Amino acid sequence: MRLRRYGDSGQAFPIYITVVGGLLFLAFAYFAVGQAAANRNGAQTAADAAALAAAQDRRDQLAGAWVKDVLDPTKWPGIFEGNAEGIQPSCWRAHELAAQNDAQVRRCEPEGPLGFTVKVETNKSVGESVVPGTAEQKSDATATAVIESLCEVDPPAEDAGPDVLPQLSCEDGEDWELDPDDLDVLPEPEDLFDVHLADPQANDE
């Protein structure tokens, strides 16, 4: 009986090694999946930040244009629609933010006058793993950020004087009654425009 027990143990040992080896392989495979997921999440974070940065730069330029032309209300509607003189490209901010998140911009395009779509690729690959082909594989992601006007231009009353400026009615509940003789306090860019990411489903390719 004792010899039979030793023989059974000898037969079970290879099975034990096979099972342990299989479990280790699965563990490494799950680790590789986790690496890939983390890399994709990093790419999406970089894309979101880059798109928002470009949109915020455009928002700040539009707000600056409004301040510059605050005494010319005929230009206000165009500015709030994203059209203003002297607007400079904003994708440089996308490149800057992508680099800060260890990624590179592969594409940065305006979405009309009030939005940007940015595609980035991570600088780092997924890395070595038991899954073939991951050593050099990088992740990419796309994000779109949009700018929305928060204010409506309420024209002055018909009997108002020629120097009376329109009133701004903004979504935060604050109305700006502007005095052309006292323009020390004006709305900030974030009072005039909201910047946010668009629906991620709109970026599926």
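If you take the residues of segment 116-162 that are over 30 Å from Ala43 (Cβ atoms) and at pLDDT below 65, which of them is farthest from the chain's Cα centre (by Cα)?
Asp159
Looking at segment 60-77 only, could you name the residues that are closer than 15 Å to Pro113 by Cβ and exposed (fewer than 15 other Cβ atoms within 10 Å of the Cβ)?
Hit for segment 60-77 is Pro77, nothing else.
Between Ala103, Ala38, which is farther than 30 Å from Val164 by Cβ, under 32 Å from the mean Cα position of the chain (by Cα), at pLDDT below 90 and not aromatic (Phe, Trp, Tyr)?
When all the criteria are applied, what remains is Ala38.
The values are calculated or read from the model by the stated rules, or taken from the named source; none is laboratory data. Predicted, not measured: the structure shown is a model, and the values here were computed from it. With ideal geometry, Cβ positions are generated from the backbone for all residues, glycine too; neighbour counts draw on all protein chains shown.
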